[in-house]
Amino acid sequence: MHTVMVMGGGFALLVVFLLAGRFMGDGSAMALAAAAKWFIPAWFVGAGINMAVGVFKAGYSVAEELPIFLFIFAVPALVAGLLWWKFGR
């Protein structure tokens, strides 16, 4: 359940980035593409923080947390990558 909630937070963050790109940019598709591009490293850091909490606070090993980190990072990042590709054309 925690994994689903963290990924939901990732999608919510993607929406925040897209809204910021729309309102702070010129509202064009290129501004949305840039927002999706900037989301990916920000989400990498966020998913990494989630992994660090699992390792240091919950007591899981890095080997146990790494596959979960990759899944939590990859799903929203893949959606952002597709949006970046779509809007960047």
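The values are calculated or read from the model by the stated rules, or taken from the named source; none is laboratory data. None of these values were measured; they are calculated from a predicted model. Methodologically, a virtual Cβ is constructed for each residue, glycine included, from the backbone with ideal geometry; neighbour enumeration extends over all protein chains shown. With ligands, DNA and RNA removed, areas are computed over all heavy atoms of the protein, side chains included. Shrake-Rupley method; radii C 1.70, N 1.55, O 1.52, S 1.80 Å.
Numbers at a glance
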item	result
Under the Karplus curve 6.51 cos²θ - 1.76 cosθ + 1.60, θ = phi - 60°, whole-Hz ³J(HN,Hα) for segment 6-21, x wherever Gly or Pro sits	5, 5, x, x, x, 5, 5, 5, 4, 4, 4, 4, 5, 5, 5, x
Simple Cβ-charge dipole of the chain, Lys/Arg +1 and Asp/Glu -1, about Cα centre, in debye nearest 20	260 debye
Longest to shortest principal axis, alpha-carbon extents of the chain, angstrom	46, 20, 20
Using θ = phi - 60° and Karplus 6.51 cos²θ - 1.76 cosθ + 1.60, couplings along segment 33-40 (whole Hz; Gly, Pro as x)	5, 5, 5, 5, 5, 6, 5, 4
Within the accessible area of the chain (1.4 Å probe), percent carbon and sulfur	77 percent
